[in-house]
Every structure is written in C-alpha cells, then in structure tokens.
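Visitor: Next up is a structure, given as structure tokens.
The values are calculated or read from the model by the stated rules, or taken from the named source; none is laboratory data. Quantities reported herein were computed from a predicted structural model and do not represent experimental measurements. When we count neighbours, we look across all protein chains shown, and the Cβ atoms used for this are built from the backbone with ideal geometry, even at glycine. The area values use the complete protein model at the heavy-atom level, side chains included, leaving out ligands, DNA and RNA. Shrake-Rupley method; radii C 1.70, N 1.55, O 1.52, S 1.80 Å.
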Amino acid sequence: MANSAAAQEAVEPVKKSNVKYTCTCAILASMASMILGYDIGVLSGAALYIKKDLKITDVQLEVLMGAINLYSLIGSFAAGRTSDWIGRRYTVVLTAAIFLAGALLMGFAVGYGMLMAGQFVAGVAVGYAIVIPPVYAAEISPASARGFLSSIPEVFANIGILLGYVANYAFAHLPLALGWRAMLGASAAPSVLLAVMALGMPESPRWLVLKGRLAEARTVLERIADTPQQAADCLADIKAAAGIPDDLDGDVVTVPRARRGGGGERHVWKELVLSPTPAMRRILLSALGIHFFQQASGIDAFVLYSPSMFRSMGIAGDSRVLGATCALGAVRLLFTLVATFLLDRVGRRPLLLGSMGGMAVSLVGLAAGLTVAARDPDGSKVIPWATGLAMASAVAHNVSYSIGLGSVTFVYTSEIFPLRARALGCALGVAFNRTVSAAVTMTFLSMSKAITIGGSFFLYAGVAALAWVFFFTCLPETRGRTLEEMSKLFGMADTNIVKAEVHVTKENRVEDSKHPN
C-alpha cells in the first residue's frame, strides 16, 4: 500500500491551493499565540510603570510577573478537555473571549487586586493559547510541511512579544496612570478579531474522526492533503488510530468510548499517566523533558526581565532600555522565521542539539559580562568590553534559542502523542512548562540579589548543558513521519494502538446518524 501510494503521489502534482489553504488555517489559529505573546511581552515594560504607580514591592512585582504562568495551568488542563469536547475550532473562539475579558480587567484596573484578577483571567487564556494552536496546526498539516506549519504559532507568539515591547515604547510617553493600563488593555482589539476569524476555520479532521464524523473529516482532508491519494491514506491511518475498521466507511460511525477524546478521559489518564506502557512512558518523558529544559534554561528571564538585564549591563534611561528590549525581540522573531524553513529540511533533532550548544556557550559569555559589569553597581563607570560581551552574548543566546529550542518544543510535543492522548498529553507538557516558567519568573529578582545576576545566568548555562545531554540521548528524529507513525518510532506496537476489534452494527450507524455528537 505504501509503495502504491508513493507511486501515485509521484504522478499526482501537489495542489498549491491546498498548501495555501492549510497555511491560512494555521495562521488563523496562531492569532491566539500572538495575543499570548503580547500579554507576556508587554509585562516586561509595563512592570516599570506599575511599580511606580501602585508603589508595590519587588516581591509583589515577582508575583505579578509569574502569576500568569501559574494561572495558565488551569487553562492548559481545561484546554485538553474542552478541545476534545467541543472541537479545536470552537476552543480557539473561547480562548479569544477569555483574552478579551482579561484585557478589559487589566486595562481598567484600579489597584493591585483588580490587576491580579485580570492576570488570572489572562493566565487561563494563555494556558488555552499554548495548547490549542500547535495541536490544531499539527492535526491539519500534511507530514511534508508539518514542521513549518506547526511552528507558525511560535512565530506569532514572537510577533506578539515584539508588539508588546513596541507598545511599551509607544505608550511610555503617556501619563503614568494611563500608560501601563493602555499597554495591558490593548490586546482587547485582536481578541475580538480572532473570535470572528476563527469561525471561518475548518475543524481538525482527526477530531472529526474521533467523533465518528467521517464524511466531514474526508472533506477537510481533501482540502489540506498534498494529493487525493494522500488524503485517502491519511483517513485510513486516522481511522486505525481511532479504532475504526478500515472497511467501515459510512458518513457517521460509532467510535469506541475509550477512543473518544471527550468520552474516555479516565482511560486516557490511565494509559498516559497512571499505568503507561514503556513506549508511552518514553513519549511522556520526552514531552515533559523538552518543556522543562525550554523554561529552566531561563528564556523567560529574557522575555520578562530584559530591562533589568540591560540596566545591569550599564544601559541607562527607560527609552534606551525599552529600545534595546525591542531590538532583542526583533532578533527572536527573525530567527524564529528562519527556523520555520529549517524544521522540515534539517530536522528537529539537529536544530535542538545545535540550539542547546549555542545557548550554553552564550549563557556563559552573558554571565561573565554581567558579573564584571555588576562590579560598578551605581552605573557611574561603564566597562565597555563587559557591556559588549554581555550584549553580544544576549543576542547569540536569543538566536540560538529561536532557531532551535523555541521553535521545536511545541512542534515536537504536538506530533509525538497518539491521537487519543494528544490533547491531554500536550496539556500536561504545557502545564509543566508553565510551572517551571513560574518558578523562573517568580525567583529571578530574588535569586539575582542572592547570587548576583551573573550567577543566575551561570546557573542557566549549567541547565542548558544538561539539556543537550538529554536531547542527545532521549529524543528521536520525527521529520517526515505522519502523526500515526510516531507511536512506532517510540517503540509502540500496532497492537497497543488498536487493542480490540470494533464491532459496529447497522443499527448503531443508523442511531449515530440521528445523533452525530
């Protein structure tokens, strides 16, 4: 079958309209990632003015900066269940509505308490936005372009972060009480736009198959696959993963309860966490490991505390600090775009290994530069070579991160889990990611005081070195494989994918056609 499919695809040209359509769908879903990036990035500059206006302490500021990551745990776990229940598309609409509520609360905040309430709502939306766009992009993408399309959410997240930095710079000249509120409330407009545009997206064909809606799934696959033969083969693979016999080909069929994302949560929890097979345990360890090292190597220290870092280098003045922060955000965006074109050409594993090696070296350089620059705490005497080393290392770190770890993490996680466990598995990875991120953001200022800011980045360099070893020993290459082939890559036999025969009677099919949900 594989040989005949290959021969068929050799004579069937790839439909360029399908590629454009799939790319458009991934971009629409990734608008949620852009709002996510904005909400996180804008805090870096807004924090300077929030602290002055509300007269809060460093500890309160750390809690404010890191709380959004803790709150996102709620959203990430809810996202898995919600997307399996109402579908990926309507979950994107719900995410936009939650973002809108959070933006309004923060924009009209009258004090620290109301600001934290807005952060809570926005944090829930962040959890949703981290999980859903990569899962949706992976599930609508053909294997040949999945790396590119699944990395689009990361590109848009970096666009959002950069827009947050630009908003800091643009609104910094407003009166103190108005400026930071304008920064935080500006995300309301794109939230409304996202909710409207998401209604035009198709549903994920894999979710449709899980619900037994084969006719709809077939229609979507024909719009997104490279060739008609690939669409037919892909549908057959998804049906096998969902436990539907290949010879069953109605418009609406009954899917076993244990295979349904929204109906077999206990079964999936047991299979994924409570009593996993060795192969499933390896998949989960790979996902949790890549998410842990993405955050434990200190990237959010750059995203949220860039102004503090630049001041430690000897750069003075809010305008210059915010300008340098914008420049660093532009570097991340540029090289994230470069990575989108390398994922399907070079592969995930080489990018990860090269990225972590570059990050480890640049973090050592940054730590050394900051350590020397910090010897003059009042900033009255700038040490040019130390400032230059720190700046060059900061840029090199962000280049290394963006071209590998930043772009690969969510692509890799969204593609390695089996269909029945994909939403929950990605939710667990994101929850772990946000927990580690919260630990980093809520301790950075205190840790910098305790062991110096240079010492903090030496610590992150050590974590990056450990990450390289983990990626080298534990993560296999996934480039060019279909989502349904990933289980075999991690050692899961076909019998673990479909454990029992599925008997669907004519009566079942007739009854389900009356109640398709």
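Visitor: Calculate the FRET efficiency for residue 330 and residue 269 from the Cβ-Cβ distance with a Förster distance of 41 Å, rounded to the nearest 0.05. Mind showing how you got there, number by number?
Guide: Values: r = 42 Å, r/R0 = 1.03.
About 0.45, to the nearest 0.05.
Visitor: Tell me, how many Å apart are the Cα centres for the stretch 423-470 and for the stretch 70-148?
Guide: 22
Visitor: Using the Karplus curve 6.51 cos²θ - 1.76 cosθ + 1.60 with θ = phi - 60°, work out ³J(HN,Hα) for each residue of the stretch 21-31 in order, rounded to whole Hz, and write x for Gly and Pro.
Guide: Values per residue, Gly and Pro as x: 5, 4, 4, 4, 4, 5, 5, 4, 4, 6, 4 Hz.
Visitor: Using θ = phi - 60° and the Karplus curve 6.51 cos²θ - 1.76 cosθ + 1.60, what whole-Hz ³J(HN,Hα) does each residue of the stretch 327-333 get, with Gly and Pro shown as x?
Guide: 4, 5, x, 5, 4, 4, 5
Visitor: Starting from the Cα of residue 232, step 7 Å along the direction of its Cβ; do the same at residue 372; then give the gap between the two resulting points in nm.
Guide: 6.7
Visitor: For the chain, find the longest principal axis of its Cα atoms and tell me its angle to the long axis of helix 348-373, 0 to 90°, nearest 10.
Guide: With both axes taken from Cα atoms, the answer is about 10 degrees.
Visitor: For the pair residue 108 and residue 319, how long in nm is the line joining their label points, each one 7 Å along Cα→Cβ?
Guide: 3.4
Visitor: Let me ask another. Would you calculate, for the chain, the mean residue ellipticity at 222 nm contributed by helices, counting each DSSP H stretch of 4 or more residues as -39,500 (n - 2.57) and dividing by all residues, to the nearest 500?
Guide: On the way: 24 runs with 394 residues, N = 517.
Rounded to the nearest 500, the figure is -25500 deg cm²/dmol.
Visitor: Counting alpha carbon pairs within less than 8 Å and at least 6 residues apart, what relative contact order, in whole percent, applies to the chain?
Guide: Working: 893 pairs, mean separation 119.4, N = 517.
Dividing the mean separation by the residue count of the chain yields 23 percent.
Visitor: Kindly identify the stretch 274-329 as rounded, prolate or oblate by the Cα gyration tensor criterion: order the square roots of the eigenvalues as a ≥ b ≥ c, call it rounded if a/c is under 1.5, otherwise compare a/b with b/c, prolate if a/b is larger, else oblate.
Guide: Details: a/c = 6.11, a/b = 4.66, b/c = 1.31.
It is prolate, given that a/c is not under 1.5 and a/b is the larger ratio.
Visitor: A follow-up question, please. With only Lys, Arg, Asp and Glu charged, each at its Cβ (+1 for the first two, -1 for the last two), find how big the charge dipole of the stretch 174-250 is about the Cα centre; round to the nearest 20 debye. Could the numbers behind the result be given before it?
Guide: Values: 7 positive and 9 negative charges, 116 e Å.
The dipole magnitude comes to about 560 debye.
Visitor: How high is the FRET efficiency between residue 392 and residue 170 when r is their beta carbon distance and R₀ equals 22 Å, given to the nearest 0.05? Show your work: numbers first, answer last.
Guide: Values: r = 28 Å, r/R0 = 1.26.
The pair residue 392/residue 170 has a calculated efficiency of 0.20.
Visitor: Can you tell which of 396, 351, 418 lies farthest toward the positive end of the dipole of the stretch 314-418, using +1 and -1 charges on the Cβ of basic and acidic side chains (Lys, Arg; Asp, Glu)?
Guide: Looking along the dipole axis, the top candidate is 351.
Visitor: Sticking with this structure for a sec: To the nearest 20 debye, what charge dipole does the stretch 16-114 have about its Cα centre, counting +1 at the Cβ of each Lys and Arg and -1 at the Cβ of each Asp and Glu?
Guide: Values: 8 positive and 5 negative charges, 83 e Å.
Rounded to the nearest 20 debye, it is 400 debye.
Visitor: Rounded if a/c is under 1.5, else prolate if a/b beats b/c, else oblate: with a ≥ b ≥ c from the C-alpha gyration tensor eigenvalues square-rooted, which is the stretch 122-170?
Guide: Numbers: a/c = 5.62, a/b = 1.75, b/c = 3.21.
Taking the square roots of the gyration eigenvalues as a ≥ b ≥ c, the stretch 122-170 is oblate.
Visitor: With a 1.4 Å probe and all protein chains left in place, how much of the accessible area of the chain comes from carbon and sulfur atoms, in whole percent? Numbers along the way, then the final one.
Guide: Numbers: 13150 of 19620 Å².
Accessible surface attributable to carbon and sulfur in the chain totals 67 percent.
Visitor: Take peptides 273-281, 124-132 and line them up by average Cβ neighbours within 10 Å, highest first, as a rough protection proxy. Intermediate results must be reported in sequence, preceding the final value.
Guide: Working: 273-281: 14.2, 124-132: 30.7.
Answer by packing, highest mean first, reads 124-132, 273-281.
Visitor: Place +1 on the Cβ of every Lys and Arg and -1 on the Cβ of every Asp and Glu in the chain, take the dipole about the Cα centre, and give the residue among 110, 133, 220 whose Cα lies farthest towards its positive end.
Guide: Of the options given, the answer is 110.
Visitor: By per-residue mean of other Cβ atoms within 10 Å, what is the highest-first order of 357-369, 398-410? Spell out each step's value before the answer.
Guide: Values: 357-369: 21.8, 398-410: 25.6.
Those peptides, ordered most packed to least, come out 398-410, 357-369.
Visitor: Can you compute the charge dipole magnitude of the chain about its Cα centre, using +1 on each Lys and Arg Cβ and -1 on each Asp and Glu Cβ, nothing else charged? Give it in debye, rounded to the nearest 20. Don't jump to the answer; show the numbers that get you there.
Guide: On the way: 43 positive and 35 negative charges, 129 e Å.
Charge dipole of the chain: 620 debye, to the nearest 20.
Visitor: Per 0.36 nm of contour for each residue apart, how much would the distance between residue 177 and residue 240 grow if the chain were fully extended, relative to their Cα-Cα spacing? If you can, show how the numbers build up before the last one.
Guide: Values: separation 63, 0.36 × 63 = 22.68 nm, distance 5.82 nm.
Result for the pair: 16.9 nm of gain on full extension.
Visitor: Residue by residue, what Karplus-based ³J(HN,Hα) values in Hz, rounded to whole numbers, does the stretch 81-96 have, using 6.51, -1.76 and 1.60 with θ = phi - 60° and x for Gly and Pro?
Guide: Once θ is set to phi - 60°, the couplings for the stretch 81-96 become 5, 5, 5, 6, 8, 9, x, 5, 5, 5, 5, 5, 4, 4, 4, 4 Hz.
Visitor: Tell me, what is the Rg over Rh of the chain, with Rh the Kirkwood radius over Cα pairs? Walk me through the numbers on the way to the answer.
Guide: Values: Rg = 23.5 Å, Rh = 23.5 Å.
Rounded to two decimals, Rg over Rh is 1.00.
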